[in-house]
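Trainee: One structure is given below, represented as C-alpha cells, and several questions about it will come after.
The values are calculated or read from the model by the stated rules, or taken from the named source; none is laboratory data. For clarity, every value in this text was computed on a predicted model and none was experimentally measured. As a convention, Cβ positions derive from the backbone with ideal geometry for all residues, glycine included, and neighbour counts pool all protein chains shown.
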Amino acid sequence: MTATTDGSTGALPPRAPSASDATAETTEPTDSLRTAVLDDTAESARRAAARATDYLLSLQDPAGWWKGDLETNVTMDAEDLLLRQFLGIQDPRTTEAAGRHIRGEQRPDGTWATFYGGPGELSATVEAYVALRLAGDAPDAPHMARASAWIREQGGVAAARVFTRIWLALFGWWKWDDLPELPPELLYLPKWFPLNIYDFGCWARQTIVPLTIVSAKRPVRPAPFALDELHVDPRRPAPPRPLAPATSWDGLFQRLDKALHLYHKVALRKLRGAAMRAAARWIIERQENDGCWGGIQPPAVYSVIALHLLGYDLDHPVLRTGLASLDRFAVWREDGARMIEACQSPVWDTCLATIALADAGVPADHPQLVKAADWMLAEQIRRPGDWSVQRPQLPSGGWAFEFENDNYPDIDDTAEVVLALRRVQHPDPQRGADAVQRAVRWNFGMQSRNGGWGAFDVDNTSPFPNRLPFCDFGEVIDPPSADVTAHVVEMLADVGRAHDPRTRRGIAWLLAEQEPSGAWFGRWGTNYLYGTGSVLPALAAAGIPGSHPAVRRAVRWLEQVQNEDGGWGEDQRSYQDKERWAGRGASTASQTAWALMALLAAGERESEAVRRGVRWLTGTQRDDGSWDEPYFTGTGFPWDFSINYHLYRQVFPLTALGRYLGGGPAAVGA
C-alpha cells in the first residue's frame, strides 16, 4: 500500500527488493540476454534524452536564463492579501484570483497542507481561511465551516505559529501582548554577543530586522470582520502557556521574553526611536536594484510594513519599488488563479539546465549554452554583502539564487555555476576563467571551521536563535550541510583542487556525516535521496573509489529503498520521522534521477537497480519530453517549508540519462 496523495493515511510505500534480491528470484540471465536488456535500456534512454533535450532547450528565455515556477504553499498567497488589506491597496481582480488559487489547494477535510500529499497544517489553514474571508467567502459555507471546525480541533489560533498570530495582531484579531517580544535594540548587539542579528541565517535576519519595528509599533488596523469561529473559547482566545523549568533552555528563554515585555513598557523613547531608525537604515541599505529584499517574498513584505509604519508613504521610491517587486512574484494561471512564489530561482535553474544539457551531449559551443554562460557571467557578484561581516578581507565572487540579490550570494549556487561554466566552450575563455577563479577563491574563503560549507554564511552555528520563543517558523541558522559541502567539493575537484588541504577537510567532514544507514541528510532537497545524490558524485570527482566502504554503504541503502516500480521517492515526512520515511515515498522524476546520479558515480552503471531506475524514467516521460511531478522535492526549511521546483522534474532526469549514456559528467573546460 502506498501513501495516498492527500496524506489521509500514514501508510508507507513499500520498500522494493534490492537488486540482489531481484536476481535471486529469477533464473540468472545469460550474457547475451543481459546485453540485449542493457542495449534496449540504453536505446530507450537515448530516445528519452533526445526528447528531454529538445523540451528543455525550448524553455530557455531569449536572454539566456531558465526559470521554472517555485511552488510553496498558500501562506504566501494569504499573506499577500493580508498585506494589501493592511495597506489599503486591495483590488478585486487580485483578490478574486488569489481566492481562486487558495480554494483550489484546499483538501477534502477542509485543511491546507504545506506540501503535496501532506497532512493538514494548522497555521497554513488559519491563514488560508482568513484570506478567503477577505475574498468574500462566508464563514458558514461548507468548505469554510470544515476548515474552522478543524482549526478549533487543533487548538485554534492560540496553537498556530508566531508569524500567523502576528498577521492576526495587525488587525486586532490577536493581542500583541500575547506574542513574543522582538525589540529593535537587537541591532545594537555586537557581532560577538549572543543573539546578535548575524547569529541568524540570512533569511531569518532579513525578516527579523523589519519585524523589530513592527513589534515596537504594535499597529492595529480595523478588522473587516470577527474571527471568533477560529478560537476554542472566544472569551479566552489566548490561554496561558505553562512555563518550562527555569533550569532548562526553553525556560530561560521564556523568562527572557517576559523581561523583554516589561522592557517594552519602560524603554527609553530616544533609545527606541534611534534603534528603529537604525533598523530602517539597515533595511533600506539592503534593498536590491529591482526593489526587493534578498530576492525573497517574506522580507519584502515585512520591510514594506515596517517602513510604512515609520512614515514612508506608498509613493515613496523605496515603497513604490518594493511593492512593484512583490508583483513580480505572482504567477497567473490560465484559469485565472494567481499563485505567489516565495522566491525565484533563475540562477539555480540556469546552471542546472546547462549541466543537464551538456551532460546529455549538447555540444559545448552550442549557441544556447553560450548564451546561458553569458547570462551567468553577467550575474557574478563583485561587491561585498552581509557575508563579509565574518569575512571582511575576502574578495567577492559568488552568485545568488535569484535575479536580484547582490547582498546574499550563496555558496551552493556558486559551486554549481562554476560546474556549469566549465561545461561550456565560451568564445572568450579568459572571461570564464577569471570568473571561475574569483568563485573558487570566494568558496574557499567561506569554508566553516569544521571543514563543511553552509549556504550563505561562515560558522553560522549559534545554538541560541532556535531557542527564542519567536523562532517557531523553521530553521533560523545556517550550519554546514552535506549537500552544499558536496557541491563545493565536486566543484573544487573539477577545477583541479581535489588534493588541496581545504578540499580534503571537506571530504573528511562529509565522510564523518554519513548516517548509519549509509545515506546523507539533505538540507536543501528532500532529503536523504538528495543528500546521497549530492555526496556520491562529489566523492567520485574527488577520487574516492567506488570500493570505499562509505560508498558501498550508500549503494546498499539506495538499493534497499528503491521502489517496486523501479523509481525512487522520499516524502517530506522523513524530516520528522527518519525511521519510517527516510528514502520512502512515491517515485518522482527528480528523486529517481538523484539516486541514479549517485549509483552511476559509484560505478553501478550495469546494475539491476540502475537499469530499473532508467526504465522508470523513460517509461514515465510524457510525449513532449517532460515529466510530471506534483510532489515537493525541494526544501526551504526542513519540514516547515517545502518547495516544488518545477524545473527539477526536467533538469535532473536529463542529467541522469545523459550520465548513464555518456559514462559520467561532460568533459570540462580548461
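Trainee: Could you please find all residues in the range 175-195 being of a type in the set (A, V, I, L, M, F, W, C) and either within 17 Å of residue 281 (Cα to Cα) or surrounded by fewer than 19 Cβ atoms within 10 Å (Cβ to Cβ) (or both)?
Mentor: Within the range 175-195, 186, 187, 189, 192, 193, 195 qualify.
Trainee: Just wondering, is there one or more residues in the range 65-77 that are assigned to a helix (DSSP H, G or I) and either modelled with pLDDT under 95 or of a type in the set (Ser, Thr, Tyr) (or both)?
Mentor: yes
Trainee: Let me ask something else about it. Are any of the residues in the range 109-122 part of a helix (DSSP H, G or I) and in contact with a helix residue (DSSP H, G or I) (Cβ under 8 Å, 6 or more places away or on another chain)?
Mentor: Looking through the range 109-122, at least one residue is part of a helix (DSSP H, G or I) and in contact with a helix residue (DSSP H, G or I) (Cβ under 8 Å, 6 or more places away or on another chain).
Trainee: Which residue, of 525, 533, 567, is in contact with a strand residue (DSSP E or B) (Cβ under 7 Å, 6 or more places away or on another chain), assigned by TED's automatic domain parsing to the domain that holds residue 602, buried (at least 20 other Cβ atoms within 10 Å of the Cβ) and not hydrophobic (A, V, I, L, M, F, W, C)?
Mentor: Criteria check complete, one pass: 525.
Each row is one residue, and each column tells you yes or no for (1) over 21 Å from residue 642 (Cβ atoms); (2) touching a Ser or Thr at 6+ places or on another chain (Cβ under 9 Å); (3) modelled with pLDDT under 95.
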| site | (1), (2), (3) |
| --- | --- |
| 103 | no, no, no |
| 129 | no, yes, no |
| 133 | yes, no, no |
| 157 | yes, yes, no |
| 163 | no, yes, yes |
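Trainee: With the requirement that a residue be in a helix (DSSP H, G or I), without any contact (Cβ under 8 Å) to a residue 40 or more places away in the chain and surrounded by 15 or more Cβ atoms within 10 Å (Cβ to Cβ), what does the range 285-315 give you?
Mentor: Passing the criteria: only 300.
Trainee: Related question: If we only count helices (runs of 4 or more DSSP H) wholly inside the range 479-594, which ones have 1 or more residues that are touching a residue at least 24 places away in the same chain (Cβ under 8 Å) and among the acidic types (Asp, Glu)?
Mentor: Counting at least 1 such residues, we get 482-494, 501-513, 549-561.
Trainee: Further question: Collect the residues in the range 68-122 that are β-branched (Val, Ile, Thr), closer than 26 Å to residue 232 by Cα and out of contact with any Gly (no Cβ under 6 Å at 6 or more places or on another chain), keeping them in residue-number order.
Mentor: Within the range 68-122, 74, 75, 102, 114 qualify.
Trainee: May I pose another question? Checking the condition out of contact with any Pro (no Cβ under 8 Å at 6 or more places or on another chain) and under 19 Å from residue 167 (Cβ atoms), which residue from 298, 317 passes?
Mentor: Result: 298 is the single residue among 298, 317 that is out of contact with any Pro (no Cβ under 8 Å at 6 or more places or on another chain) and under 19 Å from residue 167 (Cβ atoms).
Trainee: Taking the range 115-126 as the search range and keeping residues that are buried (at least 22 other Cβ atoms within 10 Å of the Cβ) and touching a strand residue (DSSP E or B) at 6+ places or on another chain (Cβ under 9 Å), which one is farthest from residue 630 (Cα to Cα)?
Mentor: 118
Trainee: Next question. When you check residue 262 against the structure, is it at pLDDT below 95 and either in a loop (DSSP other than H, G, I, E, B) or closer than 21 Å to residue 473 by Cβ (or both), yes or no?
Mentor: no
Trainee: Report the residue count in the range 197-239 for those that are under 16 Å from residue 175 (Cβ atoms) and touching a Ser or Thr at 6+ places or on another chain (Cβ under 8 Å).
Mentor: 1
Trainee: May I ask you to verify whether residue 447 is under 28 Å from residue 540 (Cβ atoms) and among the polar types (S, T, N, Q)?
Mentor: Yes, satisfied.
Trainee: Now, a different point. Exactly one of these conditions fails for residue 328: (1) among the charged types (D, E, K, R); (2) modelled with pLDDT of 95 or more; (3) out of contact with any Leu (no Cβ under 7 Å at 6 or more places or on another chain). Give me its number.
Mentor: That leaves (2) as the condition not met.
Trainee: Which residues, counting only those in the range 80-105, are touching a helix residue (DSSP H, G or I) at 6+ places or on another chain (Cβ under 6 Å) and either among the hydrophobic types (A, V, I, L, M, F, W, C) or under 19 Å from residue 157 (Cα atoms) (or both)?
Mentor: 81, 82, 83, 98, 102
Trainee: Shifting gears a bit: Listed residues 469, 480; which is modelled with pLDDT under 95 and either of a type in the set (Ser, Thr, Tyr) or surrounded by 18 or more Cβ atoms within 10 Å (Cβ to Cβ) (or both)?
Mentor: Selected residue: 469, the only one of 469, 480 that is modelled with pLDDT under 95 and either of a type in the set (Ser, Thr, Tyr) or surrounded by 18 or more Cβ atoms within 10 Å (Cβ to Cβ) (or both).
Trainee: Could you give every pair whose Cβ atoms fall below 8 Å, whose first residue belongs to the range 619-631 and is free of Cβ contacts under 8 Å to residues at least 60 places away in the same chain, and whose second residue is assigned to a loop (DSSP other than H, G, I, E, B) and basic (Lys, Arg), counting only separations of at least 6 or pairs across chains?
Mentor: Here the result reads 628/622, each pair linking the range 619-631 to a residue that is assigned to a loop (DSSP other than H, G, I, E, B) and basic (Lys, Arg).
Trainee: Return the residues of the range 378-400 that are surrounded by fewer than 15 Cβ atoms within 10 Å (Cβ to Cβ) and either touching a residue at least 60 places away in the same chain (Cβ under 8 Å) or part of a loop (DSSP other than H, G, I, E, B) (or both); say none if nothing qualifies.
Mentor: Passing the criteria: 382, 383, 389, 392, 393, 395.
Trainee: Taking into account only those residues within the range 326-352 that are touching a His at 6+ places or on another chain (Cβ under 9 Å) and of a type in the set (Lys, Arg), which is farthest from residue 94 (Cα to Cα)?
Mentor: Among them, the one singled out is 333.
Trainee: For residue 437, all conditions in the list (1) touching a Ser or Thr at 6+ places or on another chain (Cβ under 9 Å); (2) farther than 20 Å from residue 294 by Cα hold save one; what is the number of the exception?
Mentor: Unmet for residue 437, out of (1) touching a Ser or Thr at 6+ places or on another chain (Cβ under 9 Å); (2) farther than 20 Å from residue 294 by Cα: (1).
Trainee: Separate question: Within the range 624-635, identify whether any single residue is outside any loop (DSSP other than H, G, I, E, B) and within 14 Å of the chain's Cα centre (by Cα), and answer yes or no.
Mentor: Yes, because at least one residue in the range 624-635 is outside any loop (DSSP other than H, G, I, E, B) and within 14 Å of the chain's Cα centre (by Cα).
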